[in-house]
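Worksheet: one structure, shown below.
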Amino acid sequence: GLPAGGGGRVSAASGPASVAGLLGEIADVGRDATRGGWSRFVYADAELTLREWFVEQAQRRSLEVETDRNGAIWAWRPGTGPGGGAGSPHAIVTGSHLDSVPGGGAFDGPLGVASALAAVDLLDARGVRTERPLAVVAFPEEEGARFGVACLGSRLLAGAIDPDRARGLRDADGRTFAEVAAGAGLDVDRIGPDPARLAGIDAFVELHVEQGRGLVDLGQPVAIGSSILGHGRWRFSVTGEGNHAGTTRMPDRRDPMVVAAGIVLAARDAAVAHAEARATVGRVVPVPGGTNVIASRVDLWLDARHPDDAVTAAVVAEIERQASRLAEAQGCAVTLTEESYGGTVSFDADLSGRLAQVLPEAPVLDTGAGHDAGVLAAAIPTAMLFTRNPTGVSHSPEEACEDGDAEAGAAALADVLERLLRE
Ligand code: GLV
Ligand code: MN
Ligand code: MN
Ligand code: MN
């Protein structure tokens, strides 16, 4: 029967939406003409447009929409149980994020949200009605592309970051998270852990585009995730003496960019020395940043990953040693600050086992990428699904997903959700 008090649920007149059709609706949002690809930074215009789109899609499906205290949007498909609406207990939750890295692809994040909406349509079409509610969630600032800390929304929810620290995080223009989030309508005094919300969730399943070639090599469209590689971010600040590029003789310089260049090479060398380690300097900001100006300061951000906390720590310590040596040689100073770190996460074995029963053909793959699922796994039973990416490339406009695979992913998600909702 219909959910108590929920009224009639209206399915889209055209039947279940296709994932490709949903993503097609947002294909022009946040296109980045300068970098290529898409730039959808939390609480900037493009991401706000995607939020509006998500709310509209949810309302079209008669889902109950709410924004949590940390800025995540939850769209509830009520259960038939008593008080089965938004926030009711024993919920099954799916979803992902709408923000992107600078110049990212079209699928990292939105594929999981669009697949969740398509899965809701499939459940509606199948007439699935359960006591348990289902929620589709869109988390903010998963990439940390604006405020530097990845999975900021899920970290706040799970108590994995101090709200005071979150409020003080700054974007590239120097604006604080508190200022920007308040501008978008969030009550920033209330951000922080929400154990009651988490206690109402029995399982979280995030579908994501695969960010490697695992499924391509196996010839399968959908995989079950097993674990997330431990990873963190560190900031090096190198200070020297700003000066004139023409009048300052080479021996007279204290150029922090020379030190920064050495840090980039040291990061590569330190990672190469450990099997499975990854180290990346993806962002370098010289101050003031003029072609004919010797920088007075260079900030650079290191992303380092390895399954073992101790190895990551050793890699970072080795880079720091080299940075100090280089700074001394150039008459510069260097500081290192850890901005975030999380160890390797294994998803819930029991929940993943139930996914494997529903999807017996699906291979099991680990990932080197971070996800909100990796943060939530510390608090609630969590699992992931990956959809094949023919290029194997991600955090790039080359990221891809074929329409048929996207539909296969949404169908797999619907099958999994139906099973979990009926338990
Ligand atoms: C998020 O995509 C990350 O792994 O950095
Ligand atoms: Mn329960
Ligand atoms: Mn990403
Ligand atoms: Mn992602």
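The values are calculated or read from the model by the stated rules, or taken from the named source; none is laboratory data. Please read these numbers as outputs of a predicted model, since none were measured by experiment. Positions of Cβ are generated from backbone atoms using ideal geometry, with glycine treated the same way; all protein chains shown enter the neighbour counts.
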Exercise for the section: Return a yes/no flag: does the range 342-358 have any residue that is within 27 Å of ASP202 (Cα to Cα) and basic (Lys, Arg). Expected result: yes
Exercise for the section: Identify, from the list GLU241, GLU276, the residue that is in a loop (DSSP other than H, G, I, E, B), more than 30 Å from VAL375 (Cβ to Cβ) and either of a type in the set (Gly, Ala, Ser) or more than 21 Å from the chain's Cα centre (by Cα) (or both). Expected result: GLU241
Practice task
Examine the range 98-116 for a residue that is touching a strand residue (DSSP E or B) at 6+ places or on another chain (Cβ under 7 Å), away from ligand 1 (no atom under 16 Å from the Cβ), among the hydrophobic types (A, V, I, L, M, F, W, C) and in the same structural domain as ILE26 (by TED's automatic domain parsing), and state whether such a residue exists.
Solution key: yes
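Would you mind stating whether ALA333 is at pLDDT 95 or above, away from ligand 4 (no atom under 16 Å from the Cβ) and of a type in the set (Gly, Ala, Ser)?
Numbers: at pLDDT 95 or above: yes; away from ligand 4 (no atom under 16 Å from the Cβ): yes; of a type in the set (Gly, Ala, Ser): yes.
Criteria met by ALA333.
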Exercise for the section: For the range 154-168, indicate whether the set of residues that are in contact (Cβ under 8 Å) with a residue 40 or more places away in the chain and within 16 Å of ligand 4 (Cβ to nearest atom) is non-empty. Expected result: yes
Exercise for the section: Answer yes or no as to whether ALA223 is surrounded by fewer than 23 Cβ atoms within 10 Å (Cβ to Cβ), at negative phi, touching a residue at least 40 places away in the same chain (Cβ under 8 Å) and not β-branched (Val, Ile, Thr). Expected result: no
Fill in the blank from the handout: Residue count, the range 122-144, condition away from ligand 3 (no atom under 16 Å from the Cβ) and buried (at least 24 other Cβ atoms within 10 Å of the Cβ), comes to 5
Exercise for the section: Could you tell me whether any residue of the range 290-303 is part of a helix (DSSP H, G or I), touching a strand residue (DSSP E or B) at 6+ places or on another chain (Cβ under 6 Å) and at pLDDT 95 or above? Expected result: no
Problem - Counted residues, the range 79-116 - those being within 16 Å of ligand 2 (Cβ to nearest atom), assigned to a loop (DSSP other than H, G, I, E, B) and surrounded by 24 or more Cβ atoms within 10 Å (Cβ to Cβ) - result: 1
Practice task
Only residues that are more than 16 Å from ligand 2 (Cβ to nearest atom), within 27 Å of SER115 (Cα to Cα), surrounded by 21 or more Cβ atoms within 10 Å (Cβ to Cβ) and aliphatic (A, V, I, L, M): list them for the range 182-208, please.
Solution key: LEU207
Practice task
Would you confirm whether any residue within the range 365-372 is more than 16 Å from ligand 4 (Cβ to nearest atom) and either surrounded by fewer than 19 Cβ atoms within 10 Å (Cβ to Cβ) or among the charged types (D, E, K, R) (or both)?
Solution key: no
Practice task
Scan the range 333-351 and give yes if some residue there is under 23 Å from ARG283 (Cβ atoms), in contact with a His (Cβ under 8 Å, 6 or more places away or on another chain) and surrounded by fewer than 17 Cβ atoms within 10 Å (Cβ to Cβ), otherwise no.
Solution key: yes
Problem - GLU47 vs. criteria under 28 Å from ALA172 (Cα atoms), surrounded by fewer than 19 Cβ atoms within 10 Å (Cβ to Cβ) and modelled with pLDDT of 95 or more - result: no
Problem - Among (1) touching a residue at least 24 places away in the same chain (Cβ under 8 Å); (2) among the hydrophobic types (A, V, I, L, M, F, W, C); (3) in a strand (DSSP E or B) - the single one VAL65 does not satisfy - result: (1)
Exercise for the section: Collect the residues in the range 305-315 that are crowded, with 21+ Cβ neighbours inside 10 Å and either in the same structural domain as GLY370 (by TED's automatic domain parsing) or in contact (Cβ under 8 Å) with a residue 60 or more places away in the chain (or both), keeping them in residue-number order. Expected result: ARG305, HIS306, THR312
